[in-house]
Amino acid sequence: MSPALAKTALKKYFGYDDFRPLQLKIIEAVYRGEDGIVLMPTGGGKSICFQIPAVTMNGTVVVVSPLISLMKDQVDGLNAVGIRAAFLNSSQSSSESHRVETAFENGELHLLYVSPEKLLSAGFFTFLKRRNICLFAIDEAHCISAWGHDFRPEYTQLKGLKTAFPNTPVLALTATADRLTRRDMAEQLGISHAEQHVASFNRPNISLAVRPGQKRREQIINFLRERPEQAGIIYCLSRKQTEDLAGALRESGYKTEAYHAGLNAETRAKVQSDFIEDKTLIICATIAFGMGIDKSNVRWVIHYTMPKNLENYYQEIGRAGRDGTKADTLLFYSYNDYLTLKEMIGGGANAELQTAKLERMKEYADSLACRRRILLNYFSEDHSEDCGNCDICANPPERFDGTVLAQKALSAVARLKESVGMGMVIDVLRGSARAEIMSRGYDQIKTYGAGRDTSVFDWTQYFNQFISLGYLYVAHEDYNKVKLTPAAHRVLFQQERVELVKMSTVKERREKEQAKTKKRATVIREKSGLFDELRELRKSLAREFGIPPYLVFSDATLQEMADQKPVTDAEMGRINGVGERKLARFGDAFMEAIRRYEAVGNE
Ligand code: ADP
Ligand code: ZN
């Protein structure tokens, strides 16, 4: 088996010209019969690493996956490109599974997907030994480790696999970076010696942005207005939040559904399949959503509230832009969210580790340096260049000497005897005359009205900066009263200089960004006529063939068609993502649509 053969198969079946970094190296190791551990981010292209061996080697590749809900889509996707694949799991009728077993025994399958339960069921190893198995691919392999974040007890039995099939290579694939989990995973599978193929976690097509968590709904509506017809996920902290937000978005005219563990299985499955089929564009979900989803055209991900660590955050934003084209993410952050998460950790098991992880998450949200560098550093990758695709890179913050502002604020806190919350301090600074202030006599204190010329919005941002700089803290256990830290005394009594980020620049930045995206949105709209038509065509073909639209062609492929306007088989075959089978099955329909569009456009 040669690299050239692998490359030919990549083009023939998937329509891709080149392997991504590492894919070919992993495939060649499989050809040599070596075990391997594959660490790639979500959307990195793990599947190709066992699918190409399946169509180029003698025998069947057995794929073990705990995500039963995903198997059908994966198998449909493979069949759509002419690869013979089938699955065996508990969701099937016995006649269906019987048909698959026969196909396997007759040597008709390139790939056989099985759940761990099925693999370990009585007599199954003997059944597999009737044919030549050229590779075992263990997907989501971190589930075998109790250290990992989604441990599946049934996975631990996989230990026996290597003993039962000593000559068949085992490939363990995961997107979990945690080193401890990875080592444990390899040990459990009996492949500690195996080479580790670690891909970069960088996903440069995903933009990163963090915004203050004020007027979140309004900000979300603005965000959506700039992205008509694009699919996305909004992650929330609670069930109630998902329901409320989904309701509000529906009222504003967006097809939105809530998804959380409190819904029954039937409703959850319906919400999920409507999303996959592009019938629902927006899902407001708790973290339970996404594990079983392989949709490549999720164009954006919003975090309504901050996740509890960077691993979760990265995994969740990673569900956007799996097709490699531009995708946007937005994280809302407020100090209160951080306090809520901290309270949720409480003093339970692992509290120390979880708190440390939460602190890193907060540092990311607070950061005034390139966000991607922070993320990649966290995943032990050293990137010394700024990324150019995050909010900080787009508009580096301007700093100024904020000592006087800080003195006013801290002195107000002191004069209010550290006995009120942030909102009250700001009202006093701004000289509000509301009844509570007058009745408590706060209008008599020296700093009353000293910050009149700064807006409430800006003050709130400055207070958040004072908190993250360590001059103030919020006593959550004491009615969220704002208190001074020892460092505050250095500002008040020793003239310590305080550097702040200019709020006006943050505002300007936001306006500039909005103007830019508005411009971009209109550009896309002008040019998108053909793209939209191709997307409609994709939808109707998907319905006809009973598969999700993204399995017909990805957004990236449609975009390339809209740009290149191929009208011959040869031209169409050069488009990335158009393999032989799809060219034969869908090529004519798409070329016809392109010709029609061109004819009308030229009239
Ligand atoms: P993972 O399983 O690692 O999350 P997938 O295997 O689902 O990722 O791949 C993510 C997307 O990237 C899919 O749409 C896949 O077709 C595409 N892809 C994979 N390898 C390549 C390649 N060499 N060239 C172009 N696209 C690719
Ligand atoms: Zn950056």
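The values are calculated or read from the model by the stated rules, or taken from the named source; none is laboratory data. This structure is a prediction, so every number in the text was calculated from the model and none was measured. Ideal geometry is used to build each Cβ from the backbone, glycine not excepted, and the neighbour counts take in all protein chains shown. These area figures cover heavy atoms from the full protein model, side chains too; ligands, DNA and RNA do not enter into them. Shrake-Rupley method; radii C 1.70, N 1.55, O 1.52, S 1.80 Å.
Residues with beta-carbon under 13 Å from that of Gln157, excluding Gln157: net charge, scoring Lys, Arg +1 and Asp, Glu -1?
Details: positive: Lys118, Arg152, Lys159, Lys162; negative: Glu117, Glu154.
Surrounding charge for Gln157 is +2.
So what's the chain giving for Cα Rg divided by 2.2 N^0.38 Å, two decimals? Write down the numbers at each step before the final one.
Values: Rg = 27.5 Å, N = 603, 2.2 N^0.38 = 25.1 Å.
Normalised Cα radius of gyration, the chain: 1.10.
Measure nothing but the geometry: give the 0 to 90° angle between the long axis through the Cα atoms of 179-188 and the longest principal axis through the Cα atoms of the chain, rounded to 10°.
Once rounded, the angle reads 30 degrees.
What FRET efficiency do you get for Ser95 and Arg434 if R0 is 51 Å and r is their Cβ-Cβ distance, rounded to the nearest 0.05?
0.10
Counting other Cβ atoms within 10 Å, which chymotrypsin sites (Phe, Trp or Tyr not before Pro) in segment 550-603 have at most 15 and lie in a DSSP loop?
none
I need the phi-derived Karplus couplings for segment 106-113: 6.51 cos²θ - 1.76 cosθ + 1.60, θ = phi - 60°, integer Hz, Gly and Pro marked x.
Couplings: 7, x, 8, 9, 6, 9, 10, 8 Hz.
Between Asp18 and Ala369, what FRET efficiency follows from the Cβ-Cβ distance if R0 is 41 Å, with the result rounded to 0.05?
Computed FRET efficiency for Asp18 and Ala369: 0.80.
If the reach is capped at under 17 angstrom between alpha carbons, list the aspartates and glutamates near Lys129, excluding any in the same chain fewer than eight residues apart.
Glu101, Glu105, Glu108
Among Leu310, Ala86, Ala141, which residue has its Cα furthest toward the positive end of the charge dipole of the chain, with +1 on Lys/Arg Cβ and -1 on Asp/Glu Cβ?
Of the listed residues, the answer is Leu310.
Using a cut-off of under 19 Å, list every residue of segment 108-128 whose amide N is near the label point 7 Å from the Cα of Lys72 along the Cα-to-beta-carbon line.
Inside the label zone: 112-118.
Where does each of 370-379, 312-321, 267-276 land if you order them by average Cβ count within 10 Å, highest first? It would help to have the intermediate numbers written out before the result.
On the way: 370-379: 19.8, 312-321: 23.1, 267-276: 17.7.
Result, highest mean first: 312-321, 370-379, 267-276.
Between Met344 and Arg574, what is 0.36 nm times their sequence separation minus the Cα-Cα distance? Round to one decimal in nm.
In short, 77.5 nm is gained.
With both partners inside the chain, how many of the DSSP beta bridges are antiparallel, as a percent to the nearest 5?
15 percent
Using 0.36 nm per residue of separation minus the Cα-Cα distance, give me the extension gain between Ser238 and Arg585 in nm, one decimal.
Details: separation 347, 0.36 × 347 = 124.92 nm, distance 4.41 nm.
Answer, rounded to one decimal: 120.5 nm.
Within the set Lys11/Lys159; Lys162/Lys357; Lys342/Lys417; Lys118/Lys308; Lys118/Lys240, which residue pairs have Cα atoms separated by over 31 Å?
Lys11/Lys159; Lys162/Lys357; Lys118/Lys308; Lys118/Lys240
Would you compute, from DSSP H runs of 4+ residues alone, the mean residue ellipticity of the chain at 222 nm, taking -39500 (n - 2.57) per run and dividing by the full residue count, rounded to the nearest 500?
Result for the chain, helices only: -14500 deg cm²/dmol.
With the crude spin-label approximation of a point 7 Å out along Cα→Cβ, what separation in nm comes out for Ala475 versus Lys270?
Rounded to a tenth, the inter-label distance reads 5.1 nm.
Ser2: accessible area at probe 1.4 Å, nearest 10 Å²?
50 Å²
Leaving ligands, DNA and RNA out of it, rank Thr485, Thr325 by accessible area with a 1.4 Å probe, largest first. Before the final figure, lay out the partial values.
On the way: Thr485 20, Thr325 45 Å².
Correct descending sequence by accessible area is Thr325, Thr485.
What residues of segment 1-40 lie in the reach of a label at Phe165, counting those whose backbone N is under 19 Å from a point 7 Å from the Cα along Cα→Cβ?
26-38
Quick one: if the Förster radius is 35 Å, what FRET efficiency do Asn58 and Lys539 give, using the C-beta to C-beta distance and rounding to 0.05? All intermediate terms of the calculation are to be shown ahead of the outcome.
Working: r = 39 Å, r/R0 = 1.12.
According to the calculation, E is roughly 0.35.
Can you spot the lysines whose alpha carbon is less than 22 Å from Lys12's alpha carbon? Ignore those fewer than 8 places along the same chain.
Those lysines meeting the cut-off are Lys25, Lys46, Lys565, Lys582.
What relative contact order, as a whole-number percentage, does segment 3-198 give when Cα pairs under 8 Å and 6 or more residues apart are counted?
Computed over segment 3-198, the figure is 28 percent.
Given a cut-off of 24 Å, name the pairs among Lys215/Lys255; Lys362/Lys408; Lys215/Lys481 whose C-alpha atoms lie farther apart than that in the structure shown.
Numbers: Lys215/Lys255 21 Å; Lys362/Lys408 26 Å; Lys215/Lys481 22 Å.
Checking Cα-Cα distances, Lys362/Lys408 exceed 24 Å.
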